[in-house]
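Only the coordinates and a few stated rules stand behind these numbers; no lab work does. Just so it is clear, the model here is predicted, and its values are computed rather than measured. We place every Cβ from the backbone using ideal geometry, glycine too, and count neighbours over all the protein chains shown.
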Amino acid sequence: MKKQPLVVVVGPTASGKTAAGVILAKEFGGEVVSADSMQIYKSMSISTAKPTKDEMQGIPHHLIDFLDSDTAFSVADYVSLAREKISDTAGRGKLPILVGGTGLYVNSLIDNIKFDDTCGNSEIRDRLYAEAQDKGNHYLWERLLHIDPETAFAVHENNLSRVVRALEVFEITGEKLSVHKKNSRLEESRYDVCMIGLNFHDRQLLYDRINRRVDLMLLNGLVDEAKDFFSEENRYTANQAIGIKELKPYLDGKDTLENCVEKIKMESRRYAKRQLTWFRRDGRINWIYLDEDNLLSNPEELTKNLKSIVVKSSVL
């Protein structure tokens, strides 16, 4: 059976994935399918850096801004919806272009990972949640890091449900969740992928872009967005979004805005490091270093580089 062509654009936060996806969509007649675990939620447009209409440049973007922030959403849910959007896009004669920085979403989709939810123990789960409440999320995340570093680097410490799930699986089975996932690749991928990664040789350039993005978020109304977010209850699923939770101490009058903003920048930089750790393990990725050949200031040269990778691949 002929596999479905799929172009994939990955990289750390603030590396320019949205712009690259739009360039490729315009060059090859494509549409973008998002692979971002936070941009799925409604209302959180500033904190999650959702692409604006101007940034989309008329290119359809799927799986963005469609879910209420109090709704639970699993990796399996994402894979199911992404498959539908990719199939629909291809069925209309358009090239699907997967764009995002959530490595777990990307790899679960393109590697055809099967999800088995039969393994569970409510007593273990409740105990782990109680430990997190007593000792903090970081305590559980560090335990996961010791047991299963591959999973830990892919999951933020405030994504408590996934940290707990990974520890629960290990306690029940004695095997790491990362091993379970590798063993779950029972069927060959249904996609013929061309993977492109965006990066910088000079890590400080990426960090500077992250810091500027946070400053721009503030100018665009990040504090008001956080106020609206915390004015409603039961937003536990989306509460892990960087840029929201760090402002809670300021909104509660327990810390200064300046300190909270610095925490957002720090957490964003840490997230970028985890993303790069995840993606660098994947030998299929063709890396473009944006601080080479003046790519940041030369859109035509960037377009040339992106096109060249796709043309040389087997997807077209």
Amide N of the range 1-29 lying under 17 Å from the label point, which is placed 7 angstrom from the Cα of Ser314 along Cα→Cβ: 1-8
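Using Cα pairs under 8 angstrom and six or more residues apart, how large is the relative contact order of the chain, in percent?
28 percent.
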Cut-off 10 Å between beta-carbons: net charge of the residues surrounding Asp148, Lys and Arg +1, Asp and Glu -1: 0
Listed residues Val10, Phe73, Val193: farthest to the positive end of the dipole of the chain (Cβ charges): Val193
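Taking a cut-off of 23 Å, what percent of all Cα-Cα pairs in the chain are separated by more than that? Show your work: numbers first, answer last.
Values: 29226 of 49770 pairs.
Result for the distance tail: 59 percent.
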Stretchable slack from Arg203 to Ser161, in nm (0.36 nm times residue separation minus alpha-carbon distance): 12.1 nm
Translational D in µm²/s for the range 162-212 (Stokes-Einstein at 37 °C, 0.692 mPa s, Kirkwood Rh from C-alpha pairs): 220
Virtual spin-label span in nm between Ser122 and Asp293, 7 Å along Cα→Cβ: 5.9
Net +/- balance of residues flanking Asp208 in space, Cβ distance below 14 Å, scoring K and R +1, D and E -1: +3
Estimated inter-spin distance, Ile147 and Ser231, nm [label 7 Å along Cα→Cβ]: 4.1
Values of log10 I(q)/I(0), in the order q = 0.14 Å⁻¹, for the range 122-183 under a Debye, Cα-only, solvent-free model: -0.32
Least to most buried among Thr13, Thr48, Thr71 (fewest other Cβ within 10 Å first): Thr71, Thr13, Thr48
Modelled FRET efficiency - R0 45 Å, Asp224 with Asp77, Cβ distances, 0.05 increments: 0.95
Positive-end residue, the chain charge dipole about Cα centroid, Cβ charges, pick of Thr151, Phe230, Gly283: Gly283
Cβ charges +1 (Lys, Arg) and -1 (Asp, Glu), total dipole of the range 238-316, debye: 480
Ranked Val193, Val315, Val10, criterion: other C-beta atoms within 10 Å, fewest first: Val315, Val193, Val10
P(r) tail fraction, the range 145-302 - alpha-carbon pairs more than 25 Å apart, %: 50
Whichever lysines have a C-alpha closer than 16 Å to that of Lys26, once near sequence neighbours (fewer than 8 apart) are set aside: Lys17, Lys53, Lys94, Lys304, Lys307
Ratio of Rg to Rh over the range 133-217 (Cα coordinates, Kirkwood Rh, two decimals): 1.10
Relative contact order (%) - criterion: Cα under 8 Å, at least six apart; region: the range 122-183: 29
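Please report the projected area of the range 41-103's Cα convex hull averaged over all directions, in nm².
Values: hull surface 19.8 nm².
Convex hull of Cα atoms, orientation-averaged projection: 4.9 nm².
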In nm, spacing of pseudo-spin labels at Arg284 and Tyr139 (7 Å Cα→C-beta vector): 4.0
Global geometry of the range 67-217, whether rounded, prolate or oblate, following the gyration tensor of its Cα atoms and the 1.5 cut on a/c: oblate
Only Lys, Arg (+1) and Asp, Glu (-1) charged, at Cβ; the range 122-183 dipole about Cα centre in debye: 200
For the chain, calculated [θ]222 nm from helices alone, where every DSSP H run of n ≥ 4 adds -39500 (n - 2.57): -15500 deg cm²/dmol
